[in-house]
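Beneath this line is the structure, given in structure tokens, with notes to follow.
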Amino acid sequence: MAVVNSVVRLSAAIAVTGALTFAGAVSATAAPPDPRAAVAAAGSPAAATDLLGAYQAAVDSVKQLGIEPFLYPSAAAFCQDGSTLGLVPALAGAVPGPWPRLAVPIPGLDLSAVKAGQTMFAFVPYGLGPDSADTSGMQVAWFNASTGRGGFAAMGPISQIVDSMIPPTLPPEVRPAFEKGIRDFFLSALPVGGVRAVPVDTGSGTVLAAMFGTVRNGDRTCLFLPTVGITSVP
């Protein structure tokens with residue numbers, strides 16, 4: 001029986017890896033133009049249009065992952081060269097658990113990065129370079145209006161979310177390919193640097209949240225203005 005279970009898990013892992021890799025390929029094919037180029041072009045007469053396009057690219061990216069954007073965007077000034085005031089647009093969003101949801105559950109494998117009763121908060125800036133070693137600075141303040149509970153949570157890089165989706169029971173033979181499939185899926189739908197996320201035990205109810213803080217862009221510290229959102233957690 002143990003051998004049978006191992007074969008089932010192995011086959012499931014290969015199937016899920018292929019599905020995620022295919023989904024990532026589709027997302028990459030449909031991806032908008034390089035957002036950093038759009039933001040850099042903001043010094044031209046079409047600056048407003050370029051920034052709006054960069055923001056819309058961020059909206060499309062998080063919606064591909066099932067994340068609902070907050071009520072309005074954020075931005076950081078003097079964050080990069082080549083645009084008016086060095087503006088970099090960003091958005092925040094949230095998704096209640098369990099997430100992500102597979103169309104067909106895989107017996108013995110729990111791929112949920114966000115469990116039931118949790119909310120994942122995500123921050124997606126557009127126009128930043130790859131992350132440095134310092135990925136601290138962003139945080140979310142939340143309040144569950146249904147239970148009266150609330151708090152603050154520090155946000156980390158998206159790699160932490162990816163790591164949490166790797167089942168500890170996954171056979172070692174397929175672990176590298178499985179991990180690569182998940183990483184490729186996320187990287188195809190999200191920009192290069194500055195993305196932050198954190199799952200929080202908010203409990204069920206109506207959750208109000210505000211996201212704010214700083215992100216490093218090379219040798220610059222970019223201060224992003226607060227943005228707020230409302231999420232219904234089943």
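Listing for the model above:
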item	result
Pairs with Cβ under 7 Å, 6+ apart, first in region 65-83 and closer than 19 Å to Pro96 by Cα, second in a loop (DSSP other than H, G, I, E, B)	Gly66/Pro100
Positions within region 53-101 being open to solvent by 60 Å² or more (accessible area, probe 1.4 Å), under 17 Å from the mean Cα position of the chain (by Cα) and farther than 30 Å from Gly205 by Cβ, in sequence order	Gln56
Conditions (1) within 21 Å of the chain's Cα centre (by Cα); (2) modelled with pLDDT of 80 or more: number failed by Ser164	(2)
Residues satisfying the stated conditions in region 123-171, i.e. in a strand (DSSP E or B) and open to solvent by less than 10 Å² (accessible area, probe 1.4 Å)	Phe123, Val124, Pro125, Met138, Val140, Asn144, Gly156
Set Phe186, Phe224: member being within 19 Å of the chain's Cα centre (by Cα) and modelled with pLDDT of 95 or more	Phe224
Some residue of region 70-78 being under 20 Å from Asp131 (Cβ atoms) and modelled with pLDDT under 80	no
Number of the exception - Gly108 against (1) at pLDDT below 85; (2) of a type outside the set (A, V, I, L, M, F, W, C); (3) closer than 21 Å to Gly194 by Cβ	(3)
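The values are calculated or read from the model by the stated rules, or taken from the named source; none is laboratory data. These figures come from a predicted structure and were not determined experimentally. Note: ideal-geometry Cβ built from the backbone for every residue, glycine included; neighbour counts use all protein chains shown. The accessibility values were calculated without ligands, DNA or RNA, using every heavy atom of the protein model including side chains. Shrake-Rupley method; radii C 1.70, N 1.55, O 1.52, S 1.80 Å.
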